[in-house]
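The structure appears right after this line, and notes come after that.
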Amino acid sequence: MEKLMYPFMTRVLRPEEGGGYLIEFPDLPGCMSDGETLEEAIENGKDALQCWIEAAAEDGQEIPEPGSSPTWVQQVPTDVHIQLSKRAAAEGMSLSELVASILDQAIDARVKG
């Protein structure tokens, strides 16, 4: 799978949102896509990213540098991202909530240890 140079966030879409997964690129306003599986959402996200950049260039808009969003985004290997997303879905929380929870637990364990 080709590496995405722009950081992205994914989340599980609730059934009332159509189900599946959403992918968003925080550096590029409005750049998003979805898919029935996380893998499909990421592949569709590649197309959305390319289209967003091409459209911005054609319109003479400034194209933000990767990682320029004020949001903290941590890139991890795709397989880790998929595992975390699946765990978040199984636990009924967003990926951000799960990672924050894991980090919080790790910090507590270090402080106590």
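Just need a number here: residues in segment 75-113 that are more than 18 Å from Cys31 (Cα to Cα), in contact (Cβ under 8 Å) with a residue 60 or more places away in the chain and not in a helix (DSSP H, G or I).
Selection size over segment 75-113: 1.
Output the number of residues of segment 12-30 satisfying the condition of being of a type in the set (Gly, Ala, Ser) and under 10 Å from the mean Cα position of the chain (by Cα).
Adding up the residues that qualify gives 0.
Return the residues of segment 8-31 that are more than 18 Å from Gly92 (Cα to Cα) and either in contact with a Phe, Trp or Tyr (Cβ under 7 Å, 6 or more places away or on another chain) or among the acidic types (Asp, Glu) (or both); say none if nothing qualifies.
Scanning segment 8-31 gives Phe8, Glu24, Phe25, Asp27, Leu28, Cys31.
Could you go through segment 65-73 and let me know if any residue there is assigned to a helix (DSSP H, G or I) and surrounded by 12 or more Cβ atoms within 10 Å (Cβ to Cβ).
no
Step by step: first the residues of segment 82-101, then only those that are of a type in the set (S, T, N, Q) and either at pLDDT 85 or above or closer than 16 Å to Ile23 by Cβ (or both), then the one that is farthest from the chain's Cα centre (by Cα). Which residue is that?
Per the criteria, the residue is Gln83.
Tally the residues that are assigned to a loop (DSSP other than H, G, I, E, B), within 22 Å of Pro77 (Cβ to Cβ) and of a type in the set (A, V, I, L, M, F, W, C), restricting the search to segment 1-27.
The number of residues fulfilling the criteria is 5.
Name the single residue, out of those in segment 87-98 being over 16 Å from Phe8 (Cα atoms) and among the charged types (D, E, K, R), that is surrounded by the most Cβ atoms within 10 Å (Cβ to Cβ).
The residue in question is Arg87.
The values are calculated or read from the model by the stated rules, or taken from the named source; none is laboratory data. Please read all numbers here as calculations on a predicted model, not as lab measurements. All Cβ positions, glycine included, derive from the backbone under ideal geometry; neighbour counts span all protein chains shown.
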